[in-house]
Ligand code: KIV
């Protein structure tokens with residue numbers, strides 16, 4: 001089965017077909033997300049928070065990303081898998097960016113990479129695209145700069161900030177990004193950007209008029225309670241289902257009610273009889289010590 005490509009994603013915008021993107025960080029999740037209809041799977045650096053338990057995405061390393069991205073690629077057959085460049089894997093210059101992006105393509109067999117920043121990242125995006133590495137941009141709230149922007153806040157609310165976001169989007173488009181994530185951008189501004197750009201916009205907290213949407217798996221399914229963003233819709237409460245299932249399992253183990261014969265394995269009574277001749281504890285002891293062999 002052929003994988004969805006970045007040009008397929010661009011064509012979807014031309015046809016007015018919405019793009020479904022979701023995060024996944026491991027093999028079983030990638031399978032489920034793809035079977036559920038996601039065309040793009042993002043191995044986001046959010047894995048630092050929702051899977052590895054860090055307070056932010058900043059501690060995530062290239063090794064973490066490559067390890068998880070390989071599993072996602074193994075778990076999916078059709079989706080375009082996008083590897084997220086972690087903090088300091090590209091901010092230090094385009095040569096580092098090139099080396100690290102190449103790892104996503106060569107070691108993890110990604111179809112594209114994503115990095116944060118507009119005007120400030122445009123040169124790097126251009127170099128990567130020239131080298132044949134498809135790049136997804138990411139502007140608005142860029143979580144790797146959370147310490148600079150002062151928290152997880154909606155971006156582009158003032159006229160000056162909105163104009164800056166437009167410049168950022170245009171710079172990424174000109175640099176050759178095949179799509180741009182808009183995170184925490186007011187819906188009317190995201191709509192304007194979507195109309196002005198030839199490349200697809202993928203929104204997260206950016207309203208319904210983006211060309212596609214991305215959600216974080218754990219937010220959507222109730223599996224991460226530390227912080228639930230306003231833009232995340234709970235489509236299921238898998239966290240509660242898991243907790244309830246484990247509680248039932250615990251209770252049954254404690255009560256000696258699990259496993260039942262249904263989950264147990266039988267043994268040939270003749271073989272058992274050899275180990276346990278009726279009434280012969282002495283035989284069992286001698287047998288265990290190998291004295292009757
Ligand atoms: O890391 C991530 O999951 C992301 C999405 C929030 C777009 O960048």
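Please treat every number below as a calculation from the coordinates, not as lab data. These figures come from a predicted structure and were not determined experimentally. Quick reminder, even Gly has a Cβ in these numbers, built from the backbone with ideal geometry, and neighbours come from all protein chains shown.
What length, rounded to one decimal in nm, is gained on full extension from residue 235 through to residue 5, with 0.36 nm per residue of separation minus their alpha-carbon distance?
Here the answer is 80.1 nm.
Stokes-Einstein at 10 °C, 1.306 mPa s, Kirkwood radius from Cα pairs: D for the range 154-273 in µm² s⁻¹?
87 µm²/s
Once you have the Cα-Cα distance between residue 152 and residue 247, take 0.36 nm times their residue separation minus that, and quote the gain in nm to one decimal.
Using 0.36 nm per residue and subtracting the Cα-Cα distance, I get 30.8 nm.
Considering every pair of different Cα atoms, what Kirkwood radius, in Å, is found for the chain?
That comes to 21.4 Å for the chain.
Using only helices, what value at 222 nm comes out for the chain when you add -39,500 (n - 2.57) per DSSP H run of length 4 or more and divide by the total residues, to the nearest 500 deg cm²/dmol?
Dividing the helical sum by the residues of the chain leaves -12500 deg cm²/dmol.
At what distance in nm do the modelled label points of residue 106 and residue 263 sit from each other, each positioned 7 Å from its Cα along Cα→Cβ?
4.7 nm
With 17 Å as the cut-off, how large is the P(r) tail for the range 1-101, expressed as percent of Cα-Cα pairs?
54 percent
At 0.36 nm per residue, minus the direct Cα-Cα distance, what do residue 14 and residue 56 gain on full extension? Give it in nm, one decimal, please.
Roughly 11.5 nm would be gained on extension.
Compute the Rg/Rh shape ratio of the range 187-254: radius of gyration over Kirkwood radius, all on alpha-carbon atoms.
When Rh is taken as the Kirkwood radius, the ratio is 1.26.
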